[in-house]
Amino acid sequence: MTPRNPRRTSVDPRFESFAIQVEAGPGKKTRAVVAKVVREELGAGWRIEPLDEPSGEYDVSRKARVDTARAWNLAYRMRERPEVAYAEPLFRLSTVEQHERAPSPRARRARSGKDDEDPATEGKYEWSLDQIRAKEAWTLFGDKRPGEGVVVGHPDTGFTRHPEILDPKRLLPGHDFEDDDADATDPLAGGLLRHPGHGTGTASVIFSGAGPAVAGSADPFVSGVAPGASLRPIRTTKSVVLLSTRNLTRAIRYATHDRAHVISISLGSPVPIRALHHAVQDAEKAGVIVLAAAGNQVRFVVWPAAYDEVIAVAANTIARKPWKGSCRGPAVDVSAPGASVYRAKTERKSGEVAFAVERGSGTSFAVAAAAGLAALWLSRWGWSDLIRKYGAHRVPAVFKQLLEETCQPPDGWDTAEFGKGIVDAVRLLEKPLPATAPARGMRGVARRAVSADATGLETVVHMLGTAPRAGVERAVADLLRVPENKLPRALLSVGDELAFHLATDPKLRAQLEAAAREPARRGRARGPDRLSAARRAITSRGASRRLQGVLEGAGE
């Protein structure tokens, strides 16, 4: 599902930092090694912070602006060092494409959010819980609150003092990576990139108390899937349409180190990040169940949902049909209610903070529901007991296996596009635990290939999921002016940067997809150059000297 009238988004990528991993020789400390690399390759004025010090992974940032091309040039310079395992630039990326197809301000005003309201859900405040049988599953807990004892780490826009989520015993202290302090309050910033209160809305779907916030009230309300769970808010981004990949990486590590049992990510990057992948891998090793939204509007599943270690959740409707805006494909594991779902909403009106409960749509709410199920499952069986039975690193795989096995696929459900089916809380919680944990990596060949992609080719194939693979390889080879048999070598050099430009420019991606769909023909190199406009677009938006050289046919 490619965007209609794709065009460049209104916000260009903005460099934030480098993620770098170094290897230290005998008697050397990784901190000293990375400091030497930074001093000799980047110069003075850079701040070095550990991402995972034991493995030699660090974040390197500075206040001064660094343009896109220079960021990639510096990353390539660091990669040339023998002690550097990898170095990559991290950007703040526009995800407008995932949230709305760039309509005009007039169209946005005319719509007034009505696209999120399915008439069939009118007044049915708990329809999403009823569909996945969450309230039936609560009866299995007896006197225990469903989800009790489980902490959900929640990287998002922060929280507000909305009555639906303001439980001082269960809303735990958090952290703000935007302002580098302990106050995870959402300031509800407005303007072009507004989607205020997103973190409040997704949090309410996870752990809002059962029934109305005020007893006896006839007003709309939210019941969370796991009303006994605790939530640790982590303010990761100012807006879900301008994602900080750096902060998301740090937020996942923060949640893991702070002993979260589940991490619910209603955010998605259009480009894969190695540091982000390492963060979710380490979370899995620690026994944390990580779930992420498959994404909205774009055809491909975004990251970190596309990673092997993460449970990718698509969205469905009250009619048990796939939501039309949900990302889809082999990387999707399961689906959950995400269209016209009641959730807490907070926004500023005339300078005042207003609280409401309204309907919203997106895989953001679908993954929140699935994260609530993870909390119920852990609460029922006991996280510590599960670790003793399987080992910490196997617990997420056990949960995923049971979650998939207990899904209910409606008639005609496309399992290749939307996962095993719609999640079912009763079936999940009543399913006996397996005697042994499943083998790691049981998530499909295509998905493992994306997770282990060394050249960037699998990432590009993933992004152009509706185009034939042979056509993608042919189009990328044409774009880079190399024979197809030499494409892997070329991509090993510039593949991740090429994927970055494709991911952040929908028009460019559409051009390549169109080229990939054209039938193969002999002598195409002697015909019109179909991709010259794409090359110019990549160069103009900040390509490195290395990538420019490849595009110009000058080699590496």
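The values are calculated or read from the model by the stated rules, or taken from the named source; none is laboratory data. Just so we're clear, the structure is a prediction, and the values are computed from it rather than from any experiment. For neighbour counting, all protein chains shown are included, and Cβ atoms are generated from backbone atoms with ideal geometry for every residue, glycine included.
Filter the range 399-417 for residues that are of a type in the set (S, T, N, Q) and in a helix (DSSP H, G or I); which is surrounded by the fewest Cβ atoms within 10 Å (Cβ to Cβ)?
Thr415
Exactly one of these conditions fails for Tyr342: (1) crowded, with 20+ Cβ neighbours inside 10 Å; (2) more than 29 Å from Arg161 (Cα to Cα). Give me its number.
Just one mismatch for Tyr342, condition (2).
Each row is one residue, and each column tells you yes or no for (1) assigned to a loop (DSSP other than H, G, I, E, B); (2) at pLDDT 90 or above; (3) over 24 Å from Arg274 (Cα atoms).
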position	(1), (2), (3)
Val450	no, no, no
Thr466	yes, no, yes
Arg474	no, yes, yes
Ser493	no, yes, no
Ala520	yes, no, yes
Ala525	no, no, yes
Asp529	yes, no, yes
Ala543	yes, yes, no
Gly555	yes, no, yes
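Identify the single condition in (1) in contact (Cβ under 8 Å) with a residue 40 or more places away in the chain; (2) closer than 23 Å to Arg232 by Cβ that Asp385 does not satisfy, given that it satisfies every other one.
Every condition holds for Asp385 apart from (1).
Given the structure, is Thr256 in a loop (DSSP other than H, G, I, E, B) and of a type in the set (Val, Ile, Thr)?
So Thr256 fails the test.
Quick one: would you say Glu23 is surrounded by 13 or more Cβ atoms within 10 Å (Cβ to Cβ) and either modelled with pLDDT of 95 or more or in contact with an Asp or Glu (Cβ under 6 Å, 6 or more places away or on another chain) (or both)?
The answer is yes for Glu23.
Can you pull out every residue in the range 206-243 that is modelled with pLDDT under 95 and not in a loop (DSSP other than H, G, I, E, B)?
Ser239, Leu242, Leu243
Restricting to the range 38-56, and then to whatever is part of a loop (DSSP other than H, G, I, E, B) and touching a residue at least 12 places away in the same chain (Cβ under 8 Å), can you tell me which residue is surrounded by the most Cβ atoms within 10 Å (Cβ to Cβ)?
By that ranking, first place goes to Gly56.
Could you tell me which numbered condition Gly149 fails, if it satisfies all but one of (1) closer than 24 Å to Val280 by Cβ; (2) assigned to a helix (DSSP H, G or I)?
(2)
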